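**Q** Just passing along the structure, written as structure tokens.
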Amino acid sequence: MLITVLISRDGSQGKCVDDRLESSGEPRLSIAERFPIASSLCAGAFAGAIAKTVIAPLDRTKINFQIRHIPYSLPKAFHFLGESYRKDGLSSWWRGNTATMARVIPYAALQYTAHEQWKKTLRVETREERRKRPFMGFVAGSLAGVTASSLTYPLDLARARMAVSRCEMYKNLGEVFLKIWHHEGPQALYRGFVPSLLGVVPYAGASFFTYEWLKHHRLDLKKQCESRGRLVESRNANSRATETTEKVSVPGELHPMERLACGAIAGLIGQSCSYPLDIVRRRMQTSRLTGKNYRTIRGTILHIWKHEGLRRGLFKGLSMNWIKGPIAVGTSFMVYDVTRNFLGSHYL
């Protein structure tokens, strides 16, 4: 067992065991260090599930306005929630949430894990590397979104179908896939995939890049404030300079609410960048249910522009997204970081 010997001021000796070292002399590894990919998958899945469950009623409201010609406003959005409650009960607010969880859990798990791996591949894992090549940080986030979307898109389409249909049409997630496969063919499972991919690139890239930048910028500010405060405190107490230096060098930690705020700003920026393509994706996904023939991105954009305009068409429901987006993205980033930190501070 390795022993660290400390000499106190009066010359006596004390002993303490470094709890990061095993009896064999080898450093102990935390859960996150021992199982990095599994830890990212678990933390991402947990973060996605919590975030989407919180904003599920707002998400269902947004989708219903996106795919119809009804003019959008916040009062009408809340009226829709009230009507849904009166007709189908409180559970109607979470209609399609099973499909959402079936999609969001693997999506979030894959996205966060892919982001960690892409950062390593593109060599932007550390703060200094990101400062030298900031654009690569954006690319890492975009590629993480593309990776996750490509593997989970059919689940997103099924979730959209369940959210806009009545209970009688689709009883469960499996029935959605069976009916689409039988009546529309397997290629229909990827209807709207291209606009989705085009939207994911700026959304995921901007979200991850903004969150990482805000988080580290806030950490730098906290460290500066802590350093100044400890320096003043040490001078007043006439503490030893060596002790002060050691304390100041320890990096600070962000409070979960600070992470939530950073994530909320990142989500606001990311979703605003990609919102029109989200409208196009939803229209193409649900064209069979609404009786519209949306087959191409260009045709869908032109149809929306001609009949509904820019603000009431391509940006319909954006104000709802400005409410639910920051909540969802902020919650997701916060839960992911807190979970990863927990796994990184516990040892097997």
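The values are calculated or read from the model by the stated rules, or taken from the named source; none is laboratory data. The shown structure was predicted, so the numbers you read here are calculated from the model rather than taken from an experiment. Ideal geometry is used to build each Cβ from the backbone, glycine not excepted, and the neighbour counts take in all protein chains shown.
**Q** From (1) over 14 Å from the mean Cα position of the chain (by Cα); (2) part of a helix (DSSP H, G or I), pick out the condition that doesn't hold for residue 170.
**A** (2)
**Q** Among the residues that make up the range 89-98, is at least one of them hydrophobic (A, V, I, L, M, F, W, C) and under 30 Å from residue 309 (Cβ atoms)?
**A** Yes, some residue in the range 89-98 is hydrophobic (A, V, I, L, M, F, W, C) and under 30 Å from residue 309 (Cβ atoms).
**Q** Could you pull out every one of the helices (runs of 4 or more DSSP H) wholly within the range 196-301 that has 1 or more residues that are within 27 Å of residue 145 (Cβ to Cβ) and modelled with pLDDT under 85?
**A** Helices (runs of 4 or more DSSP H) meeting the threshold: 256-285, 287-290.
**Q** Among the residues of the range 126-141, which ones are among the charged types (D, E, K, R) and in a helix (DSSP H, G or I)?
**A** Of everything in the range 126-141, those that are among the charged types (D, E, K, R) and in a helix (DSSP H, G or I) turn out to be 127, 128, 129, 130, 131, 132.
**Q** OK, next. Tell me, which residue of the range 302-318 that is in contact (Cβ under 8 Å) with a residue 40 or more places away in the chain, part of a helix (DSSP H, G or I) and surrounded by 13 or more Cβ atoms within 10 Å (Cβ to Cβ) is farthest from the chain's Cα centre (by Cα)?
**A** Looking at residues that are in contact (Cβ under 8 Å) with a residue 40 or more places away in the chain, part of a helix (DSSP H, G or I) and surrounded by 13 or more Cβ atoms within 10 Å (Cβ to Cβ), I get 308.
**Q** Tally the residues that are modelled with pLDDT of 80 or more, more than 26 Å from the chain's Cα centre (by Cα) and under 24 Å from residue 169 (Cα atoms), restricting the search to the range 60-87.
**A** Summing the residues that are modelled with pLDDT of 80 or more, more than 26 Å from the chain's Cα centre (by Cα) and under 24 Å from residue 169 (Cα atoms) in the range 60-87 gives 8.
**Q** Hey, residue 336 hits all of (1) touching a residue at least 60 places away in the same chain (Cβ under 8 Å); (2) surrounded by fewer than 18 Cβ atoms within 10 Å (Cβ to Cβ) but one; which does it fall short on?
**A** (2)
**Q** Separate question: Would you check which residues across the range 190-208 are touching a Phe, Trp or Tyr at 6+ places or on another chain (Cβ under 7 Å) and surrounded by 24 or more Cβ atoms within 10 Å (Cβ to Cβ) and list them?
**A** Passing the criteria: 196, 205.
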